[in-house]
Each structure stands twice: as C-alpha cells, then as structure tokens.
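Down below is the structure, laid out as structure tokens.
The values are calculated or read from the model by the stated rules, or taken from the named source; none is laboratory data. As the structure is a prediction and not an experimental result, all values here were calculated from the model. Note: ideal-geometry Cβ built from the backbone for every residue, glycine included; neighbour counts use all protein chains shown. To get the accessible areas, we keep the full protein, side chains included, count just its heavy atoms, and leave off ligands, DNA and RNA. Shrake-Rupley method; radii C 1.70, N 1.55, O 1.52, S 1.80 Å.
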Amino acid sequence: MRREHFIPSPTPVEDYGSDPDQEWTVAGIVGQSIDFLGVERYEVKWGEGWQRADRTNTTWERPGTSDTVDGLIARWNEKQERRRRAAALRSPEIAVGAPEHAVPHEDRTVEELVRGYNTLVEVYPADDPRVPLDLRGAAIRLRPGTRVARVARVAASGSSGGSGKSSRSGSSSRSGSPEVPSPSPPLPSRLVRPIPRRAHVRRALSSPVSADEEKPDVARLPTRYPRREALEKQWAARLEGAAPVTIVNVVNSDEVPHLVDGFQYIERSYVRAPDVPATDHLADCLVYCHCQQACADAEQCGCQDPSELIDEKGFHVFAYSRRGLFNFLLPPGMEAIECNASCSCDDSCPNRVVQLPRDVPIEVFRTRNRGWGARATVALPRGKVVGIYTGLASLFSSLEEAARRYDERRSYIFDLDVREGADDEDADDQVDRFSVDGHAYGNWTRFVNHSCEPNMRVYPVVWDTIPELNQPYLAFVATKDIPARTELTIDYDPKAGEEVRAARRECREELPAPEGARQCMCGAASCRGWVRV
C-alpha cells in the first residue's frame, strides 16, 4: 500500500489583538516537549481573555520568553523532579529511551525518560542488591544533539509490564541512527507514562482571591517566531508585487536560514557591480512591436526580429504558449526574447511572462538532510515559469576568483554567458562575460537545491537588453507537473548530467567524480553520486 508523504500545514497566524502591550492571565504549564537536538519547549495554557477560534488557548514556548513563563517552567521542572524521585524510590523498574519508530519532533517523552534514568542511578548505588542489573551498563545517556533510536530497557527481575510498543503504528524506522542491542534474554519492562498534558491544571482565577490563595500569573502573550516574522516582513517589503515568500521549519529549532550579514532580498533585478554596464540606456534602442493589446503572431511581432527561435518552416515563434507556459522550443545557447517597454502590447500579452511579478507563493523550508530548500504552495503545470535568479552581477573573472577564495560562495554563482561552449568559430574572445552571485544579494531561488532528476530547468530570457550583452535573466521553469509543496530542484551541472546519461545508454563506465565535486545527497534513483558546483 502506497503511503502518502506527510505534508505539514502552514503555521496559522495568531490573533493577539490590536494592543501589543496586552497582558493575559496564565493558567500554567500543561505539557513539555524536547526534540532530538535537545531543544525544550513547554506548553503554556493561557487563562481567560484569549483563545483561538477553535477555543484552544495553549501555545508552545521556550525558556526565556518572559520572567513569568520562566517562573512557571521552574515550578514545572521541580514538580517533575519530585515525581521522578518518588517513582524511583517506589521501584527501580524504569524504561529509558524512545521507540525506534518515533518521529524526532514527536519525542515527547525522551528527556523525561532519560532524566528518570539519571534519578534512578542517584537513588540506587551500583552495588545495590535490589537492582540485579548494572544500570550504567544496560542503558546510555542522551547527549545534546544526538538521537537515540533504541536503548536497552532496565527493569527489576520478576516484574510484569507491557510490551513497550508504541500505539502509533505504520511509521517506518530511519537508518543512520545509533542502535544499542537489548540484553539477551530480553527483560520485561514498562514505559514511563508520558508527561501529563492536561491533568491538574491550575485554572485562571476570574473571581477575587483570599490572602492565602495564590494569585494568578500574568504575562504578555509572546510572539511565536520573532526572527522569522521579522525576516518575512523584511522580504515582503521587497517583493515588488510578487506572491508571498514564507519560512517553514518542522525539522529543527532554526527559526531562519543562515544568511550572510547584510543580506539583501532582490526579487526581480540584478545589483550590478561597478564593472558591469547598466542597460537603462538601451530602452530607446530596442526594436518593438505595434501589436494591439496582446501579440498573437511572432512573425508579425517586430520585437521578435532579433530572435533566433524559429519553427521547422523558418518562421519566428514565441517561447511561450497562449497560456503563458514555456513551450520548450528554445535550444541551448539561445535566449528567449520577450516584448519590452517600448512595445504597444499590454501585460496580458502571452509574450510577457518572466518580466511580470511572480504569481507562485513560495515556502523556504528546512529539509531533512540538505539544509534549506524551496517549494511552491500550489500545484505547478509543466512549463510554468516559477521565478528568476537574482544577485550581484559581476565580471566572470572576478566572481571566479571569489569562488576560489571562498568555497561556500561557489554554489550561489550562475554564469550568464549562455552561449559559452556553443559551436561558433567566429566568437569574439573579447566580449565581456558575466556571472551572478546570490550569496549576499538574491531571492528565494538561492535556496533551490540540486537534484540529478530535477523538476525545473533554467532558461535565459531578455526584455530590457539585447542578447549580445550577455546579461540575460535566468528563468526557473517547471519541466513537469509539480504537486503543491514538492521541493523545487534544478541540476547544478546539466552538462554533466547529459554526459552521465549518455554513458549509461551506451553501457560505458560511469564517469568518475571530477576534482572538487561534492557528494550528491539528492536521493534520486538515477543519482550520479556527485555534483560539481
């Protein structure tokens, strides 16, 4: 039976009211969670005055949110420590670890179980006759930043208990996690019950209290992800009419991607280095069309005169369908030419696609094993232009030198000379060649990861310059139908991909990884094992 992949829903936007200084009554801590990186969060139940539309009123907060919440966390931890010690004094029987099939971000009891183990070894000396098994030899401690898939269980001999299996069936175990074999023969064990979530919750007080009663705690309802919200707001101010870009992370505790200090989001243009000539002066020099409203025939469209894109009969054709989808007729080494500002057609013209604001909402999200990636929140048809690559445009030679000096920048550099390698014996070696660097300037496309079986391809497009200047825009185009929230990928080295595929078709030996190539982590069935950046 085919399993559907888990697709997380977007984090809902909380409504905390119009007053940012509003304070709310706090009922107390009702739950605790710790992820496989050791990051703790506490479920705070808020009192009367604030709740969501679905009548829930709990939020997950971390230590340091506010003095009031920190005080509640301290009391919660003291209470849990007393409970663990009382359980240890009653019996040395305890289980340590998490079920091997548990999802990392759902390990709600991992830290509690390990702390229970720590309490147990404090109560019972190593030579205590009541504990016939060496506690330290049959279990391991959970270290911050590690994930324990299976841990030996510790139990007193002769006690009864359950099988220790989780009621959550259907989850698959993950490879790569450290494993500790269980003692042989297996000992009976019982799992410590999860941290109580809603039992014994101190309710918010809505009536006058007597002097001996505890007064309710009051705190300001905190912002969930302040750094994330600030970065999204900063990027939103630079979208130039494009669809939203949001940040999502359900893998670890990183609020935002790591960016170089001073990074600037640029949605639809280049930041030109001093050695790159501007193209503004070319606006009056570009050929243009006199089509009414929308262009219908490329052969009759004046701006297509410089275009080399023709059909089998030798007539000019557009690079897009009437629906504005890429038709994949553009051969390597050729730019698609769109209508420009001097053309008489309007924005409804099917030959104005890449130059228009992006209409695809994007999520920059944390992947499981490849850092941050990008995906669309809506389904994309084949031929859909998703966006363009932006950054600092500079001479090829200067960026090549920077890539040699700073290896981390290499994967952000795209060459703009699309005619490089074309069979042109008359090519002028003196023509300037440019590259664009998305390290310090750029947009969401800088997070697009490599795949040996990509679902997008990069095509050069011009509309405010001429192809001969070697400054096209690089459009990311869907090469297949892409379901919503599927990671968007490109081949960082498509030429190498073609060579590998050709070798496999001809049953030749696999191409060895070139010098400087990195191990490929795409996981595709036809992965070539390396990627050159």
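Would you pick out the residues in region 64-77 that are at pLDDT below 85 and surrounded by fewer than 13 Cβ atoms within 10 Å (Cβ to Cβ)? Steps first, please.
So in region 64-77, the residues at pLDDT below 85 come out as 64-71.
Within region 64-77, Gly64, Asp67 qualify.
Checking the conditions here, which among Arg323, Arg352, Arg358 is under 26 Å from Val245 (Cβ atoms), at pLDDT below 95 and either of a type in the set (A, V, I, L, M, F, W, C) or in a loop (DSSP other than H, G, I, E, B) (or both)? Write out each step before concluding.
Working: Arg352 fails: at pLDDT below 95; Arg358 fails: at pLDDT below 95.
That would be Arg323, the only listed residue that is under 26 Å from Val245 (Cβ atoms), at pLDDT below 95 and either of a type in the set (A, V, I, L, M, F, W, C) or in a loop (DSSP other than H, G, I, E, B) (or both).
Being open to solvent by less than 50 Å² (accessible area, probe 1.4 Å) and either more than 34 Å from the chain's Cα centre (by Cα) or at pLDDT 90 or above (or both) is the filter here; which residues of region 332-341 pass it?
Hits for region 332-341 are Met334, Glu335, Ala336, Ile337, Glu338, Cys339, Asn340.
Any idea which of Leu221, Leu231, Leu205 is hydrophobic (A, V, I, L, M, F, W, C), buried (at least 17 other Cβ atoms within 10 Å of the Cβ) and at pLDDT below 75? Even if it seems obvious, please write down each step before you answer.
On the way: Leu231 fails: at pLDDT below 75; Leu205 fails: buried (at least 17 other Cβ atoms within 10 Å of the Cβ).
Going through Leu221, Leu231, Leu205 in turn, the sole match is Leu221.
Within region 434-458, residues that are in a strand (DSSP E or B) reach partners that are open to solvent by 20 Å² or more (accessible area, probe 1.4 Å) and of a type in the set (A, V, I, L, M) with beta carbons closer than 6 Å, at six or more positions or on different chains, in the pairs Ser435/Ile413; Asp437/Leu392; Asp437/Ile413; Tyr441/Val271; Tyr441/Leu392. Scanning region 237-267 for residues that are over 13 Å from Trp372 (Cβ atoms) and open to solvent by 60 Å² or more (accessible area, probe 1.4 Å) gives Ala237, Arg238, Glu240, Gly241, Pro244, Asp261, Gly262, Gln264. Looking at this structure, is Asn57 over 26 Å from Asp254 (Cβ atoms) and either surrounded by 15 or more Cβ atoms within 10 Å (Cβ to Cβ) or in contact with a Lys or Arg (Cβ under 6 Å, 6 or more places away or on another chain) (or both)? Here the answer is yes, as Asn57 does meet what is asked. Of the residues making up region 462-489, those that are crowded, with 21+ Cβ neighbours inside 10 Å, of a type in the set (Val, Ile, Thr) and more than 30 Å from Leu282 (Cα to Cα) are Ile482, Thr489.
Output yes when any residue across region 330-337 is acidic (Asp, Glu) and over 17 Å from Tyr473 (Cα atoms), and no when none is. No, region 330-337 contains no residue that is acidic (Asp, Glu) and over 17 Å from Tyr473 (Cα atoms).
The set of residues in region 268-325 being open to solvent by less than 100 Å² (accessible area, probe 1.4 Å) and aromatic (Phe, Trp, Tyr) consists of Tyr270, Phe318, Tyr320. Does Arg504 satisfy the criteria of being outside any loop (DSSP other than H, G, I, E, B), basic (Lys, Arg) and modelled with pLDDT of 95 or more? So Arg504 does not fit the description; no.
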